[in-house]
Amino acid sequence: MARTTTTGRRTGGFPYLLVLPAVLLFAAFVVAPGGYALLLSFQRRKVNGGLLGGGTHTVFAGLANYRDVLGDSDLWSGVLRMLALGAVTVPATVLFALLFAVLLDLERTRLKRFTRLTIFLPYAVPGVIASLMWGFLYLPATSPIGGDQVDFFGQVAVYFSVGNVAVWGAVGFNMIVIYTALRALPAELFESARLDGASERQIVLRIKVPMVMPAVVMCTLFTVLAALQVFNEPNTLKPLSNAVSSTWVPLMKIYDDAFGNSDIYSAAATSVVLTAAALTVSFVTARIVQSRVQQEAA
Amino acid sequence: MSVLPRGRRGAVAAALLAAGLLTATAACGGGSSDDKAGGPATAKSKGKVTLTFWDWDPNIDKVVAKWNSSHPDIQVKLSNPAGGDQLVAKMITAHEAKNGPDIAKVEYQSLPALVSKGVVADITDYTKDTVTKYDDATLKSTVFQGKVYGVPQDIAPLMFFYRTDLFTKYGLSVPKTWDEFAAEAKTVRSKAPSSYLTNFDAADPGWFTGLAQQAGANWWSTSGDTWKVDIADAPTKKVAGYWQGLVDDGSIAKNPSFSPQWNKQMNDGTLLSWISGAWAPAQLGGIAPATKGKWAVAPLPAWTAGDLTTGIWGGSATTVTTDSQHPEQAAEFASWLNTDDAAVTEQVKQINVYPAATAGRSLPVLQAAPAFFPNQPDFYAEVKKVAPAARSFPMWGPDVTVTFTGYTDGFGKALQSGGSFTGALDGIQSATVADMKKLGFTVG
């Protein structure tokens with residue numbers, strides 16, 4: 001810290017110049033729209049009067065939008081579904097990523113490069129396309145994987161079907177992150193462990209996994225954030241069955257309010273609530289997990 | 001064609017919104033970046049003007065080209081930013097940014113909403129002649145409280161489309177009443193256990209509203225400046241109960257229409273019929289290309305034998321927006337497009353519309369069968385027979401999107417988890433009324 005400050009003093013405004021583009025972009029595309037959304041969330045549209053309204057005007061609504069949003073059972077059901085989905089996707093993504101990374105790191109493993117690329121490849125497929133593709137695999141009439149025997153859009157199954165698409169797309173990226181962390185570990189460690197008589201399994205469980213914990217934590221955080229923002233998969237699968245409603249997860253509700261019902265004000269209020277909740281959750285998770293990792297490291 | 005397949009609509013929307021949803025929601029006030037090339041910043045009324053026109057009909061460009069070649073001073077520039085409900089959302093956004101198009105295609109059910117938001121302009125003064133070319137029943141969809149808000153393009157009575165080959169194969173006759181329809185649905189299940197007479201579509205509300213209209217439902221009606229909302233009325237409950245029975249005893253399929261699953265079922269003969277608008281022939285070519293020449297149309301089954309009354313599904317008007325600097329020229333184009341014999345003939349040929357204009361319904365082009373129905377040369381004669389008996393609601397509500405979302409979610413949920421259709425109707429009713437009150441409409 002101290003060193004940075006002295007460097008700053010010596011070079012004048014140069015560091016500020018360097019961060020300027022990032023700050024400008026952040027201001028233009030995050031702060032400004034965020035502020036605008038906050039402003040919208042306190043407004044509401046009213047018709048001017050008469051049978052057809054004769055045009056509309058916006059009025060200051062105070063906290064009315066927030067009251068409506070927080071009292072909306074659709075939103076809370078959506079939050080519950082989002083949590084259920086997250087309970088599927090977060091552990092599955094992180095555990096599979098860790099498993100694949102560890103397997104790829106073993107010396108015995110063959111065809112490493114090819115396998116790594118194959119597992120990573122789904123990450124490069126846009127979420128909408130992946131969902132459409134999986135949709136075809138799930139639908140009874142087009143399914144080559146037994147969709148006519150199993151109802152992939154059943155009341156419980158739908159969470160796994162939607163979650164599967166998300167996991168399929170996300171495992172590759174997380175695997176690369178963890179794999180890179182594994183490769184960065186010094187080889188002498190494993191050598192001495194082997195000399196001390198540790199089996200490969202013990203090396204993995206006692207040395208490798210604990211040492212890449214920071215990378216795993218980061219992946220968990222990314223996955224949690226992705227779970228909070230889930231939209232593409234259910235929204236794309238929606239027209240394929242009766243299982244997914246237009247307010248199935250919170251972001252779909254926001255989308256439907258804003259673009260389906262042209263109620264940008266409710267959508268803004270929901271966005272603000274959701275953003276606040278997401279920030280809280282991620283800060284708290286990060287704090288808890290980080291302190292635990294530090295304790296374990298110490 | 002008036003209704004964009006829902007599946008495709010959803011996929012497009014999802015694709016467009018895939019990337020930056022969070023910022024998109026926050027920033028959508030300024031979200032319309034659609035460049036309006038050659039917009040109305042030119043001369044006031046005289047001289048050459050260029051009008052922008054939003055329409056999603058395939059091949060409409062050929063009709064527009066006809067106009068452009070004969071009207072050098074009023075050039076129309078066509079673009080297709082989206083279809084159906086998506087276009088409504090775009091029109092509202094563009095209007096907020098004050099750069100909407102001059103002319104736009106709007107489905108009847110969305111028109112009151114667009115008028116109430118001040119997006120669509122009153123063109124009464126420019127359409128004095130045009131309105132005389134329509135019958136009153138048709139005009140009810142675009143004329144509210146004596147003011148004209150659009151020039152009707154097509155009407156789409158709900159009809160019964162069936163596979164002639166499969167009906168012969170299983171010894172079925174075209175059902176004249178809903179009782180016969182229910183009996184035949186059971187016959188199909190016993191004769192061909194993997195096939196269904198049809199499917200219940202919880203995804204497209206326009207389909208169900210058409211059925212409710214046939215039974216006599218009046219979801220919205222008005223007196224003075226007051227709205228009456230009655231979505232769970234007796235006729236609608238009768239229709240919902242009837243279909244609930246068919247779904248519960250497994251007589252019909254319950255997967256949504258316009259999905260890859262449904263396309264395959266339509267193509268391979270798993271589904272034997274489709275209750276659809278008169279625009280179906282143009283759609284079927286894309287949905288079930290292998291079935292060309294195997295379909296025929298008949299009147300919708302009736303609640304009492306011999307009654308031709310039917311509902312509508314879709315149908316559109318050409319509207320002028322309040323952003324247009326040249327409403328007079330825009331209205332002139334809208335009138336030409338939908339009442340000029342040459343223009344309407346071209347529309348029938350290119351888009352398979354069933355014309356809304358009275359004279360349009362007697363055009364020689366309607367003697368020919370639609371391309372996908374070469375086996376039924378009297379196709380348009382069948383449509384013409386039921387068209388006068390097609391009824392809509394007295395008026396579509398000003399927040400119909402809320403109602404339609406309520407239908408998709410409510411009926412979808414009932415099908416998914418075995419809830420009741422009439423319960424779903426009550427939910428739609430209360431959601432619709434709550435939204436109208438929130439917007440400030442008077443609901444009686």
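No value in this document is a laboratory result; all are computed from the given coordinates. Here the structure is a predicted model, which means the values were calculated and not measured. In this analysis, Cβ positions are derived from the backbone assuming ideal geometry, glycine residues included, and neighbour counts consider all displayed protein chains.
Going by the alpha-carbon gyration tensor, a ≥ b ≥ c the square roots of its eigenvalues, is segment B:140-198 rounded (a/c under 1.5) or, if a/c is not under 1.5, prolate (a/b greater than b/c) versus oblate?
prolate
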**Item:** Inter-probe distance in nm under a simple model that places probes 7 Å from Cα toward Cβ, at A:Gln290 and B:Lys98
**Value:** 4.7 nm
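So if R0 is 45 Å, what FRET efficiency would B:Ser194 and A:Ser192 give, r being the distance between their Cβ atoms, rounded to the nearest 0.05? Walk me through the intermediate numbers first.
Working: r = 66 Å, r/R0 = 1.46.
E(calc), rounded to 0.05, equals 0.10.
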**Request:** State, to one decimal in nm, how far the label point of A:Val156 lies from the label point of B:Ala342, with both points 7 Å from Cα in the Cβ direction.
**Result:** 6.8 nm
**Asked** Given a Förster distance of 35 angstrom, what is the FRET efficiency for A:Glu107 paired with A:Met213, based on the Cβ-Cβ distance and rounded to 0.05?
**Response** 0.95
**Prompt:** Between A:Ala124 and B:Ser223, what is the label-to-label distance in nm when each label sits 7 Å out along the Cα-to-Cβ direction?
**Reply:** 6.8 nm
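What does the average come to when, for each residue of peptide A:225-238, you count the partner chain Cβ atoms lying within 10 Å of its Cβ?
Details: counts 0, 0, 0, 0, 2, 0, 5, 6, 1, 1, 7, 6, 2, 10.
Average neighbour count from other chains, rounded to a whole number: 3.
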**Prompt:** When DSSP assigns beta bridges and you keep just the ones with both residues in the protein assembly as shown, what percent turn out antiparallel, to the nearest 5?
**Reply:** 70 percent
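Figure the gain on full extension for A:Val281 and A:Ser77 (residue separation times 0.36 nm, minus the Cα-Cα span) and round it to one decimal in nm. Don't skip to the end; give the middle numbers.
On the way: separation 204, 0.36 × 204 = 73.44 nm, distance 1.84 nm.
Value of the extension gain: 71.6 nm.
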**Asked** Hey, which aspartates and glutamates would be in cross-link range of B:Lys292, C-alpha to C-alpha under 15 Å, not counting anything within fewer than 8 residues on its own chain?
**Response** B:Asp165, B:Asp268
**Complete:** Residue-normalised 222 nm signal for chain B, counting each DSSP H run of n ≥ 4 as -39,500 (n - 2.57), nearest 500 deg cm²/dmol, is -12500 deg cm²/dmol
**Message:** Given a Förster distance of 35 Å, report the FRET efficiency between A:Phe60 and B:Ala389 from their Cβ-Cβ distance, rounded to the nearest 0.05.
**Reply:** 0.10
**Message:** Is the C-alpha gyration tensor of segment B:287-444 telling us rounded, prolate or oblate? Criteria: a/c under 1.5 is rounded; beyond that, a/b larger than b/c is prolate, otherwise oblate.
**Reply:** oblate
**Asked** Residues of A:240-252, mean number of Cβ from any other protein chain within 10 Å of their own Cβ, rounded to a whole number?
**Response** 5
**Complete:** Quick numbers on the protein assembly as shown, Rg and Dmax over C-alpha atoms in Å, give 29.2, 99
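Could you sort out which of B:Lys62/B:Lys147; B:Lys48/B:Lys133; B:Lys228/B:Lys385; B:Lys169/B:Lys294; A:Lys253/B:Lys438 sit more than 21 Å apart by Cα distance in this structure?
On the way: B:Lys62/B:Lys147 31 Å; B:Lys48/B:Lys133 28 Å; B:Lys228/B:Lys385 32 Å; B:Lys169/B:Lys294 12 Å; A:Lys253/B:Lys438 18 Å.
From B:Lys62/B:Lys147; B:Lys48/B:Lys133; B:Lys228/B:Lys385; B:Lys169/B:Lys294; A:Lys253/B:Lys438, over 21 Å: B:Lys62/B:Lys147; B:Lys48/B:Lys133; B:Lys228/B:Lys385.
What percent does the relative contact order of segment A:1-115 come to when contacts are Cα pairs within less than 8 Å and at least six residues apart? It would help to have the intermediate numbers written out before the result.
Details: 41 pairs, mean separation 13.7, N = 115.
Relative contact order comes out at 12 percent.
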**Asked** Where does helix A:127-138 land angle-wise versus the long Cα axis of chain A, in degrees 0 to 90, nearest 10?
**Response** 90 degrees
**Request:** Just tell me how shielded A:41-54 is by partners: mean number of partner chain Cβ atoms within 10 Å of each residue's Cβ, no decimals.
**Result:** 6
**Request:** Can you bin segment A:65-297 into rounded, prolate or oblate? Criterion: square roots of the alpha carbon gyration tensor eigenvalues sorted a ≥ b ≥ c, rounded for a/c under 1.5, prolate for a/b above b/c, oblate for the rest.
**Result:** oblate
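Within 10 Å of each candidate Cβ there may be at most 11 other Cβ atoms; applying that plus a DSSP loop requirement, which trypsin sites (Lys or Arg not before Pro) in segment B:42-136 survive? Show your work: numbers first, answer last.
Details: sites: B:Lys44, B:Lys46, B:Lys48, B:Lys62, B:Lys66, B:Lys77, B:Lys90, B:Lys98, B:Lys105, B:Lys117, B:Lys128, B:Lys133; in loops: B:Lys44, B:Lys46, B:Lys48, B:Lys98, B:Lys117, B:Lys128.
Taking segment B:42-136 and a limit of 11 other Cβ atoms within 10 Å, the loop trypsin sites (Lys or Arg not before Pro) found are B:Lys44, B:Lys46, B:Lys48, B:Lys98, B:Lys128.
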